[in-house]
Every structure is written in structure tokens, then in C-alpha cells.
Amino acid sequence: MRKMISKRVLSLHNGQDKQEVWIAYKGIVYDVTQSRLWRDGKHYEHWAGQDLTHELPDAPHTESVFERFKIVGELTD
Ligand code: HEM
């Protein structure tokens with residue numbers, strides 16, 4: 001079973017408060033700590049530690065960018 005991750009716990013993984021950098025997309029929390037493109041939790045004008053599902057249409061790429069990242073768990077309220 002997948003681990004449940006609250007929005008509050010997700011928000012702590014914003015690249016500023018903790019070492020790990022997490023982002024949520026369509027209910028799944030991904031660990032993007034290894035990505036140079038998410039260094040310090042910043043990715044262009046976006047910040048980690050949040051649900052970015054509704055921001056993906058602004059990106060010049062598809063959701064396939066998530067494929068190489070480890071799933072941390074499932075996002076809950
Ligand atoms: C203005 C908005 C954005 C810009 C300009 C942008 C730009 C980029 C670029 C240039 C890459 C490099 C590789 C590629 O094109 O496949 C990338 C990768 C990536 N983007 Fe975005 N992006 C944006 C928004 C987002 C959003 C909203 C998310 C999350 C929902 C996201 C998640 C990712 C991820 C996970 C990667 C893979 C990083 C890696 O492989 O190291 N991006 N982005």
C-alpha cells in the first residue's frame with residue numbers, strides 16, 4: 001500500500017525547510033530531490049512542496065517528466 005502524505009507534510013518538503021524536495025501531481029507525491037531543475041525547490045516560477053496538477057498545462061513538457069522519479073506516496077487533505 002502507498003504511504004499517505006498530508007498537504008502539511010508535503011509543504012515541509014519545499015526545498016527550503018528539509019533536504020528532500022517533493023511535488024504532487026494528480027494525487028501522487030514525487031521525490032524530485034535528485035533533479036538539478038528543482039534545486040532549492042524552485043522550478044522556473046514554480047515552487048515544490050505543493051500540488052502542481054493545475055500548473056502543468058503551463059509547462060513546455062508533458063507529465064512524462066515524472067517517469068524517472070520515485071513515488072513517495074499518495075496525497076491526502
Ligand atoms: C512555466 C512552467 C514550466 C517550465 C518553463 C518548465 C520547464 C521545464 C524544462 C525545460 C524541463 C527540462 C526537460 C524537459 O523539457 O522535459 C523541465 C523538466 C521538468 N519539469 Fe518543468 N517546467 C514548467 C512547469 C512545470 C510544472 C508545473 C511541473 C510539475 C507539475 C514541472 C515538473 C517538471 C519535472 C518533474 C521535470 C523533470 C526534471 C528532471 O528530469 O530533472 N514543470 N521543465
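The numbers here are math on the coordinates, done by the rules we state, and not lab data. Model, not experiment: these values are computed from the prediction. When we count neighbours, we look across all protein chains shown, and the Cβ atoms used for this are built from the backbone with ideal geometry, even at glycine.
Within the range 14-77, the chymotrypsin sites (Phe, Trp or Tyr not before Pro) that combine a DSSP coil assignment with at most 15 other C-beta atoms in a 10 angstrom radius are TYR44. Shown here for the chain: GluC sites (Glu not before Pro) in loop regions (DSSP other than H, G, I, E, B) with at most 13 other Cβ atoms within 10 Å, namely GLU45, GLU67. Find which of LEU12, ALA59, TRP38 sits farthest along the positive direction of the dipole of the range 4-63, computed with +1 on the beta-carbon of Lys and Arg, -1 on that of Asp and Glu, about the Cα centre. Selected residue: LEU12. Springs join every pair of Cα atoms under 10 Å in this Gaussian network model of the chain, and among THR33, THR53, THR62 the largest mean-square fluctuation is at THR62. Taking 0.36 nm per residue of separation and subtracting the current Cα-Cα distance, fully stretching the chain between VAL65 and MET4 would add 19.7 nm.
Loop-resident trypsin sites (Lys or Arg not before Pro) (DSSP state other than H, G, I, E or B) in the range 39-77 with no more than 11 further Cβ atoms inside 10 Å of their Cβ: ARG68. For the chain, a Gaussian network of Cα nodes joined below 10 Å ranks ASP58, ASP40, ASP31 by mean-square fluctuation, and the top entry is ASP58. Residue-normalised convex hull volume from the C-alpha trace of the chain: 88 Å³ per residue.
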